[in-house]
1. Over the stretch 34-130, with every protein chain in place, what whole percent of the accessible area is carbon and sulfur at 1.4 Å, could you tell me?
2. What span do the alpha-carbon atoms of the stretch 25-129 cover on each of the three principal axes, reported in whole Å from largest to smallest?
3. Provide the gained length on full extension for the span Val64 to Ala32, in nm with one decimal, where the gain is 0.36 nm per separating residue minus the Cα-Cα distance.
Amino acid sequence: MRALFRASSIALATSLVVVGIAGGQASQPAPAPLKIGYINSAQLLAQAPGRAEAEAQFDREVGVYRQQIQRMDDSLRTLMAAFDRDAPKLDSVTRETRRTSIGQKEVEYQQRARGLDSTMQARQAQLVKR
């Protein structure tokens, strides 16, 4: 990903130099026509060396995080389904205790999911810097 960033930076710098040179030539007595070049940055990024490897590595790492989040979601859904099924049979104290427990688990899972999301974003930023 760092190579992708370098390639796009080089492309941008090159285009600025070309425009600067053209601007410098325009100040001469015989003005030359302004030439503007088009750079397909998407193509440059797609062809950057190491892009495929960095993307594959990121996808593997993100897959692990997504699996963790999916397991937490499945666990919470199972707890909620069991509670919904058993709630009519429970006394009010037990029902409220289980409801509170499920709510706490939900909060814990949300915090963990946010943490994993932050980790994924930080990892992506690291790969882009390379």
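The values are calculated or read from the model by the stated rules, or taken from the named source; none is laboratory data. Quick caveat: nothing in here was measured; it's all calculated off a predicted structure. SASA here: full protein model, heavy atoms, side chains in, ligands and nucleic acids out. Shrake-Rupley method; radii C 1.70, N 1.55, O 1.52, S 1.80 Å.
1. Carbon and sulfur together cover 53 percent of it.
2. Over the stretch 25-129, Cα extents along the principal axes are 94, 30, 20 Å.
3. Net length gain for the segment: 5.8 nm.
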